[in-house]
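Student: Dropping the structure in here first, questions after.
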2 protein chains.
Amino acid sequence: MTTTWVEGAAGSLFDVDNLPYGVFSRPGEEPRVGVRIGELVLDLAPVSAAEMLDVHHVFEEPSLNAFMAEGPRVWRSVRRWITGLLTDETERDLVEPHLMPLADVTLQLPVEVADYVDFYASEHHASNVGRIFRPDAEALLPNWKHLPVGYHGRAGTVVGSGTPVVRPCGQRKGPADQAPAYGPSTRLDIEAELGFVVGAGSPLGERVPVSAFADHVFGVVGLNDWSARDIQAWEYVPLGPFLGKSFATSISQWVTPLEALGAAWTDLPGQDPLPLPYLAPEEARGLDIDIEVVLGGRVVSRPPYRTMYWSPAQMLAHLTVNGASARTGDLFASGTVSGTERDQRGSFLELSWGGREPFGEELFGTGRTFLEDGDEVVLRYTAPGALGGRIALGEVTGRIEPARP
Amino acid sequence: MTTTWVEGAAGSLFDVDNLPYGVFSRPGEEPRVGVRIGELVLDLAPVSAAEMLDVHHVFEEPSLNAFMAEGPRVWRSVRRWITGLLTDETERDLVEPHLMPLADVTLQLPVEVADYVDFYASEHHASNVGRIFRPDAEALLPNWKHLPVGYHGRAGTVVGSGTPVVRPCGQRKGPADQAPAYGPSTRLDIEAELGFVVGAGSPLGERVPVSAFADHVFGVVGLNDWSARDIQAWEYVPLGPFLGKSFATSISQWVTPLEALGAAWTDLPGQDPLPLPYLAPEEARGLDIDIEVVLGGRVVSRPPYRTMYWSPAQMLAHLTVNGASARTGDLFASGTVSGTERDQRGSFLELSWGGREPFGEELFGTGRTFLEDGDEVVLRYTAPGALGGRIALGEVTGRIEPARP
């Protein structure tokens, strides 16, 4: 890979070893697919039409789904073609008119989400939650080390980064309360996660083995699984989280293709006991992605994705082991990423240990527990890139608005 | 309402007080929307085009979604128009060429499912499950009478009636087993339910009050929420059912419009304690729908929907109380319908009391517990109609195929 001719891109977090895809619009124009280089967006539809790419129509769509449905051979050849355009100086005249500053476009939700599944794949997160909620029992439940525990979330409320998050209302009942009460959540929280987007689906009745992960998964997004802990605690037995989560899940507007993460694969921390053969523990690998949780402009936590117990390929293999089909646009998330240290925890529930140990006094002058109206949370992600530096994944932002009466 | 001129329809379960919608195809033709009268399907696209209906294009679609998205005013006027066509003898020459015998068409999945939510609204079912799984504890969990407990299921594996159901594989671990094992489910079950289809959605941040149910819900379907009890029992703590359910959910190909159920509304059995005001207990009503569970041609159970504790309007109000949006194509189901009597239970888990008390020896010569390969299950539904007789809702059929290696 040679150097890009695009000014400001070489050596940045959005160099030619990154090239995330997104959907953008400009005033009076239909949303369509673009790719990011440096601080610019390349408008793929006109360039691919001019170059007579077979699949140029997929870039005229208002989501990445049509492009993703083309499958991994097309993903690879499009990436090679884009890389050529942006590194070959002789392409400059063709390409430059279609490069737009980020500031001139509006980014959209990049994916039409089919099904949304949320896993629970961090041992440290699951153990922390167990210790906070069930202090007298084993931190991990008996199934946790045998399968990647997960559940379906609400696909219709997956929103793009920047969408305001309205504080949800619902039923809460504390252990000391006689009866439940209705009102705005008082324990609104984040969950810093990574999301995986299925590009090429699999038919009903067919399993996706761990080894076929890259044939199906197109790329990754940053993901904040907003959670109302008080609503969740009252509702979740026995069928799992529902309204405590379904009001909003934010994802980044940039989808980083799996191909950009080639240098980020790393060994898992280790699985003991060895999972069943369909989870192929000998093949499973993790991702060395650094996350920053930013509250009101201050970094309050740095969850390391490399500490995750279950690999994303094991999640997809488990999701389909019963013959469930996967579809273009399916989104599955890792669950909250938490490391071993206090400042590596991916939720305020953990950072404040259930609200009992306020955090961040040194940053804010006062200790924090759960989200307050007006709070802005940004999740930032970086990974090693193929050029030896780092690449940035899409960031996820959301500001809390007051509950509506 | 006068009598229909369509032969064989008057006085049948598919008289003009029923008129369910579906999507059909014929060899070499694109799937499109039809309405059922007697044993015939009326092809709505050409008739509505000939009559110059504004919305005739919605009937050319391969799902009901475009029609449903038009909202309740259009639903009502289309139903009035169809009723006129089928009862006014002078319309016969226009309509008759577009009436096709059911045997000449192939029915399709009628709805492009957006999000799928499954509730747990039968007190008898929830109590039975509690007694089977937690014999030493209270049958109902503390939240059960305060809110309609529910969770998200997999929308991508909702299939049309008649689709074979392949026995799923997965992890199971009995209480006496040292470690989980992988293999085909040995406790495959049905859940006889009713499904509600959202036609007109609601925006993010807005609640749907109990009183607005009919502004949003287009109609009802028969629904079988196939369940692998052994997979479910091992996986479901703490985040709820996942692979034990996600391999298949069957719905009827006919969607009965809510307007056909005017005579079926009835009082709920009674809610005590009174739920919170947003669940408007004083307004909430139930549906007097009879269900038959048919195994291998024999009726093994008759669950009465009128015994359900929570009303469908309360389910939708609860689903959106946190500001979650609803979309055209959202499907929410009642949960298993079980009455007070043994022969009114809507799952084999309950009919066989956890597999310990085989049922149906008088019908089959041998007692039955869970589903065997080759078993065919049909769920049939009827309700009081506006003409004083009964109407049939769409039935749901599925045959069990052996697990795939």
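The values are calculated or read from the model by the stated rules, or taken from the named source; none is laboratory data. Everything quoted here is computed from the prediction, not taken from an experiment. Every residue, glycine among them, receives a Cβ derived from its backbone with ideal geometry; neighbour counts consider all protein chains shown. The protein model used for the area step is the full one, side chains on, heavy atoms only, and it has no ligands, DNA or RNA in it. Shrake-Rupley method; radii C 1.70, N 1.55, O 1.52, S 1.80 Å.
Student: Restricting to the stretch A:370-385, give me the number of residues that are free of Cβ contacts under 8 Å to residues at least 40 places away in the same chain and under 17 Å from A:GLY355 (Cβ atoms).
Tutor: Counting residues in the stretch A:370-385 that are free of Cβ contacts under 8 Å to residues at least 40 places away in the same chain and under 17 Å from A:GLY355 (Cβ atoms) gives 1.
Every residue, every condition in (1) modelled with pLDDT of 95 or more; (2) assigned to a loop (DSSP other than H, G, I, E, B); (3) closer than 30 Å to B:ARG172 by Cα, yes or no:
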residue	(1), (2), (3)
A:VAL293	yes, no, no
A:VAL300	yes, no, no
A:MET315	yes, no, yes
A:VAL337	yes, yes, yes
A:GLU350	yes, no, no
A:ARG356	yes, yes, no
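Student: Just a yes or no: is a residue in the stretch B:240-247 outside any loop (DSSP other than H, G, I, E, B) and in contact (Cβ under 8 Å) with a residue 60 or more places away in the chain?
Tutor: no
Student: Suppose we filter A:ALA176, A:ALA139, A:ALA114 for residues that are without any contact (Cβ under 8 Å) to a residue 60 or more places away in the chain and touching a Lys or Arg at 6+ places or on another chain (Cβ under 9 Å); which single one remains?
Tutor: Sole residue among the options that is without any contact (Cβ under 8 Å) to a residue 60 or more places away in the chain and touching a Lys or Arg at 6+ places or on another chain (Cβ under 9 Å): A:ALA139.
Student: To continue, here is another question. Among the listed residues B:GLU96, B:GLU91, identify the single one that is assigned to a helix (DSSP H, G or I), open to solvent by 50 Å² or more (accessible area, probe 1.4 Å) and of a type outside the set (Lys, Arg).
Tutor: B:GLU96 is the lone residue from the list that is assigned to a helix (DSSP H, G or I), open to solvent by 50 Å² or more (accessible area, probe 1.4 Å) and of a type outside the set (Lys, Arg).
Student: Could you list all residues from the stretch A:114-123 that are surrounded by fewer than 24 Cβ atoms within 10 Å (Cβ to Cβ) and away from every other protein chain (no Cβ under 12 Å)?
Tutor: A:GLU123
Student: A follow-up question, please. Yes or no: A:VAL237 at pLDDT below 95 and outside the structural domain of A:VAL35 (by TED's automatic domain parsing)?
Tutor: yes
Student: Test each condition in (1) within 14 Å of chain A (Cβ to nearest Cβ); (2) touching a strand residue (DSSP E or B) at 6+ places or on another chain (Cβ under 7 Å); (3) surrounded by fewer than 24 Cβ atoms within 10 Å (Cβ to Cβ); (4) not hydrophobic (A, V, I, L, M, F, W, C) for B:SER334 and report the one that comes out false.
Tutor: The number of the failed condition is (3).
Student: So A:TRP265 passes all but one of these: (1) open to solvent by less than 10 Å² (accessible area, probe 1.4 Å); (2) within 17 Å of A:SER334 (Cα to Cα). Which condition number does it fail?
Tutor: (1)
Student: Now a separate question. A:TYR182 - would you say it is open to solvent by 20 Å² or more (accessible area, probe 1.4 Å), within 13 Å of chain B (Cβ to nearest Cβ) and aromatic (Phe, Trp, Tyr)?
Tutor: The answer is yes for A:TYR182.
Student: Filter the strands (runs of 3 or more DSSP E) completely within the stretch A:132-176 down to those with at least 3 residues that are within 11 Å of chain B (Cβ to nearest Cβ) and under 17 Å from the mean Cα position of the chain (by Cα).
Tutor: Answer list for the stretch A:132-176: A:150-153.
Student: For the structure I just gave you, tell me whether B:ARG229 is closer than 22 Å to B:VAL293 by Cβ and touching a Phe, Trp or Tyr at 6+ places or on another chain (Cβ under 8 Å).
Tutor: Criteria met by B:ARG229.
Student: Okay, next question. Has the stretch B:288-306 got any residue that is open to solvent by 10 Å² or more (accessible area, probe 1.4 Å), within 14 Å of chain A (Cβ to nearest Cβ) and farther than 21 Å from A:ILE231 by Cα?
Tutor: Looking through the stretch B:288-306, none of the residues is open to solvent by 10 Å² or more (accessible area, probe 1.4 Å), within 14 Å of chain A (Cβ to nearest Cβ) and farther than 21 Å from A:ILE231 by Cα.
Student: Looking at (1) more than 8 Å from every other protein chain (Cβ to nearest Cβ); (2) under 30 Å from B:ALA313 (Cβ atoms); (3) buried (at least 24 other Cβ atoms within 10 Å of the Cβ); (4) touching a Lys or Arg at 6+ places or on another chain (Cβ under 9 Å), which is the one condition that is false for B:ASN128?
Tutor: Result: B:ASN128 fails condition (3) only.
Student: Do you know which of the residues in the stretch B:359-391 that are open to solvent by less than 10 Å² (accessible area, probe 1.4 Å) and not in a loop (DSSP other than H, G, I, E, B) is nearest to B:VAL35 (Cα to Cα)?
Tutor: B:ILE391
Student: Given (1) at the interface with another protein chain (Cβ under 8 Å from one of its Cβ atoms); (2) in contact with a strand residue (DSSP E or B) (Cβ under 6 Å, 6 or more places away or on another chain), where does A:GLU235 come up short, assuming only one miss?
Tutor: Failed condition: (2).
Student: Being part of a loop (DSSP other than H, G, I, E, B), touching a residue at least 12 places away in the same chain (Cβ under 8 Å) and open to solvent by 40 Å² or more (accessible area, probe 1.4 Å), is that true of even one residue in the stretch B:270-279?
Tutor: Yes.
Student: Output the residues belonging to the stretch A:23-52 that are surrounded by fewer than 18 Cβ atoms within 10 Å (Cβ to Cβ) and touching a residue at least 24 places away in the same chain (Cβ under 8 Å).
Tutor: The answer is A:SER25, A:ARG26, A:GLU30, A:GLU39, A:PRO46, A:ALA50, A:GLU51.
Student: Here's something else I'd like to know. Consider A:THR328 against the criteria (1) over 28 Å from A:ASN143 (Cα atoms); (2) at pLDDT below 95: it satisfies all of them except one. Which criterion is unmet?
Tutor: Against the list (1) over 28 Å from A:ASN143 (Cα atoms); (2) at pLDDT below 95, A:THR328 comes up short only on (2).
Student: Among the listed residues B:THR266, B:THR249, which satisfies the condition of being within 14 Å of chain A (Cβ to nearest Cβ), within 23 Å of B:ARG380 (Cα to Cα) and among the β-branched types (Val, Ile, Thr)?
Tutor: Sole residue among the options that is within 14 Å of chain A (Cβ to nearest Cβ), within 23 Å of B:ARG380 (Cα to Cα) and among the β-branched types (Val, Ile, Thr): B:THR249.
Student: In the stretch B:216-226, is there at least one residue being out of contact with any Lys or Arg (no Cβ under 8 Å at 6 or more places or on another chain), in contact (Cβ under 8 Å) with a residue 24 or more places away in the chain and open to solvent by 10 Å² or more (accessible area, probe 1.4 Å)?
Tutor: Checked the stretch B:216-226: at least one residue is out of contact with any Lys or Arg (no Cβ under 8 Å at 6 or more places or on another chain), in contact (Cβ under 8 Å) with a residue 24 or more places away in the chain and open to solvent by 10 Å² or more (accessible area, probe 1.4 Å).
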